[in-house]
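Read-outs throughout are calculated quantities, based only on the coordinates presented, and are distinct from any laboratory measurement. Bear in mind the structure is a predicted one, so any value in this text is a computation, not a measurement. A quick note on method: Cβ atoms are made from the backbone with ideal geometry, for glycine too, and the neighbour counts reach across all protein chains shown.
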Amino acid sequence: MGEIMIAVLKMPDELFWCDNPITRMQHNNIRKEAAEEIIRLSNENAQLRKWMWLNHGHTGQYGDDGEMQCYECERQYGFYDWKRTPIDEIFNRIQTANIAALQHDIKFDRKK
Ligand SMILES: [Zn+2]
C-alpha cells in the first residue's frame, strides 16, 4: 500500500471529510483503492500461508474442509491452525521449539 494512500487514510477526520467536492472525490478514490489493496494482500497472505502449511516438513496436515491444520504441529509446537494463528506466533512457537530441540541435542552430546 502506497505511502500517500496510507497518509490519506490516517488523516484526521476534519481533513479527510472535507467539503470540497474534488477533495472528497480524491479521498473516496483512495478509500476504494485501499479496499482493493486489502483484498489483494489478504489473498496473497492466504496463498503464502497455504504454501507454508503444505511445505513445513510435517505430514500431519488436515485440510479437506477448507481448514489448514496439522496434528504434528500441535504436538511439536503447541498450535495446529495455520489459517488463523497469527504468523508471528507461528514463527515464535517454531523458533522456540527448534531452540529447545537444539539445546537438548547439545546437552545430549555433552553427556556422550
Ligand atoms: Zn505441522
Karplus-derived 3J(HN,Hα) from phi for segment 77-87 (6.51 cos²θ - 1.76 cosθ + 1.60, θ = phi - 60°), whole Hz, x at Gly and Pro, runs 10, x, 9, 9, 9, 6, 7, 10, 5, x, 4
In the chain, taking the dipole from +1 charges on Lys and Arg beta carbons and -1 charges on Asp and Glu beta carbons about the Cα centre, the listed residue (78, 104, 8) farthest towards the positive end is 104
Placing each pseudo-label 7 Å from Cα in the direction of the beta carbon, residue 58 and residue 89 end up separated by a distance in nanometres of 1.5 nm
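Using just the helices of the chain, give the 222 nm mean residue ellipticity in deg cm²/dmol: DSSP H runs with n ≥ 4 each add -39,500 (n - 2.57), and the total is spread over all residues, rounded to 500. Show your work: numbers first, answer last.
Numbers: 5 runs with 77 residues, N = 112.
Taken over the chain, the calculation gives -22500 deg cm²/dmol.
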The chain: spread of alpha-carbon positions along the three principal axes, whole Å, largest first, is 77, 36, 17
Magnitude of the Cβ-charge dipole (Lys and Arg +1, Asp and Glu -1) of the chain about the Cα centre, nearest 20 debye, reported as 580 debye
Amide H proximity to residue 82 below 5 Å, modelled H, separation 5+ or other chain, gives 68, 69, 70
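So if we plug the beta-carbon distance of residue 36 and residue 111 into 1/(1 + (r/R0)^6) with R0 = 41 Å, what FRET efficiency do we get, rounded to 0.05? Display every interim value, and only then the final one.
Working: r = 59 Å, r/R0 = 1.43.
Calculated transfer efficiency: 0.10.
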By the rule of another cysteine's Cβ lying under 4.7 Å, the cysteines of the chain that fail to get a partner are 18
Partner lysines whose C-alpha sits under 24 Å from that of residue 83, ignoring same-chain residues fewer than 8 away, are 50
The answer for the per residue Cα convex hull volume of segment 1-55, in Å³, is 69 Å³
Computed over the chain: longest principal axis from alpha-carbon atoms vs helix 21-54 long axis, angle to nearest 10 degrees, is 10 degrees
Stretched fully, the stretch from residue 74 through residue 7 gains (0.36 nm per residue minus C-alpha distance, one decimal, in nm) 20.1 nm
